[in-house]
Amino acid sequence: MTYLSAVPQAATTWDEICYPVESIMLGDLLPEYDIVASDRQQLIVGEPFGQRKTVFGIQSAGYTIIPNHLIRQAVDRLFTGYELQIKHTVTGEFSISIILAEELAIGEEHLRRSIIVTNGYNGKTPFSIQGRTLTSDLGQSAGSMYRALCQNGLVGWADSFADLGHYQNWLSGQSPGAARSAQGKAKPAVGIDQPAQLRKQKGYQSADELELLLVESLSGLHRELKRQPALTAMVYEHLQRKQVTREDERILRSLPIPAQLARQAYDRMRIEQRLLGGTASYWLMYNAVNYALFTARSSLTLNDRYKLDERVFHQLAAMALG
């Protein structure tokens, strides 16, 4: 199916993404018809403010919407004084960075702890917290950080590994694109106790139940993120110390991203180098790729962009740690 090309739009308040959304069963719309396609039973319809009603997708009967207003209610119950950085698309996909007060130094820069929640109404980007869906085994939780210079939300892709040595061993034995499957096999440190309700299958019907699950997931994750240090932050330090030489510039062309995004990433890396008044590093290269992935027009879904971001992180980490 052809997918609409979209540019992620930025927002700093909930209001832009907490518009009405509902599911409408096709059988109710077409009572005189038998709907044979079991994976096409309900319309997901939203009404962005100031726009016409939009059909974001046609899903199976078991598909459950998690409206953004429920995420907002759960976050407001747990956190005060947080900030937001939201990326959203006209196709009904959302990446929500909940920026917290805790800071972490990477070189001369100061990053802030954050929690990244993704959500979608089109079936392309699933609801997740730090890359984990509600029904997945959480294991060791991944953290995330917020970088104000380019408004990047950075997922802690290495945090599911027990220690730096274990992560390096995995990098040396795996291809850069095998991140997700191997992370599931990584020996975790002590992680979040997963609430029993999270292991339920699809088909949540109660808004109260959904909100409870969100609160439990977010609160458990926040407790875990207070542990120091985050493994990904240690990898960031190595990326920051690894300088980009003229020969290294070709690495951008070898990364698993479209050529157009690689060119945009190169331009962004040079801009940040001038802004910071230093030399280019693998840290700047990774952030430039992240910036290009989440600001460029593309047919990539937000979920696809995160997958590419993860692959790029591991590939650059392998070079910096090797």
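The values are calculated or read from the model by the stated rules, or taken from the named source; none is laboratory data. Being a predicted model, the structure only gives us computed values, none of them experimental. Cβ coordinates were reconstructed from backbone atoms using ideal geometry, including for glycine residues, and neighbour counts include every protein chain displayed.
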Residues in the stretch 121-136 that are at pLDDT 90 or above and either out of contact with any Ser or Thr (no Cβ under 8 Å at 6 or more places or on another chain) or acidic (D, E) (or both) total 1
Taking the stretch 74-119 and the residues there that are among the polar types (S, T, N, Q) and either in the same structural domain as V235 (by TED's automatic domain parsing) or over 21 Å from V45 (Cα atoms) (or both), the one that is surrounded by the most Cβ atoms within 10 Å (Cβ to Cβ) would be S114
Just the residues that are loosely packed, with under 10 Cβ neighbours inside 10 Å and either at pLDDT 95 or above or assigned to a loop (DSSP other than H, G, I, E, B) (or both), please, taken from the stretch 16-56. P31, E32, Y33, D34, V36, A37, S38, G50, R52
Pick from Y306, Y291, Y286: which is in a helix (DSSP H, G or I), within 17 Å of the chain's Cα centre (by Cα), under 24 Å from F127 (Cβ atoms) and of a type in the set (F, W, Y)? Y306
Could you grab me the full set of residues in the stretch 258-277 that are in contact (Cβ under 8 Å) with a residue 40 or more places away in the chain and not hydrophobic (A, V, I, L, M, F, W, C)? P258, R268, E272
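Per-residue answers, yes or no, for (1) closer than 23 Å to I99 by Cα; (2) in contact (Cβ under 8 Å) with a residue 24 or more places away in the chain; (3) among the hydroxyl-bearing types (S, T, Y):
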| residue | (1), (2), (3) |
| --- | --- |
| R250 | no, no, no |
| P256 | no, yes, no |
| T279 | no, yes, yes |
| V289 | yes, yes, no |
| S299 | no, yes, yes |
| L302 | yes, yes, no |
| Q315 | no, yes, no |
For the list (1) of a type in the set (G, A, S); (2) closer than 21 Å to A288 by Cβ; (3) at pLDDT below 85, I need the number of the one condition that A265 fails. (3)
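Please verify whether S181 is modelled with pLDDT under 90 and outside the structural domain of M269 (by TED's automatic domain parsing), treating the condition exactly as stated.
Taking the combined requirement at face value, the residue does not satisfy it.
I'd like to verify a number: residues in the stretch 294-303 that are part of a helix (DSSP H, G or I) and aliphatic (A, V, I, L, M), how many?
Summing the residues that are part of a helix (DSSP H, G or I) and aliphatic (A, V, I, L, M) in the stretch 294-303 gives 1.
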Restricting to the stretch 67-81, and then to whatever is among the aliphatic types (A, V, I, L, M) and in contact with an Asp or Glu (Cβ under 7 Å, 6 or more places away or on another chain), can you tell me which residue is farthest from I98 (Cα to Cα)? L70
Tell me, yes or no, whether the stretch 78-96 has at least one residue that is assigned to a strand (DSSP E or B), touching a residue at least 24 places away in the same chain (Cβ under 8 Å) and of a type in the set (K, R). yes
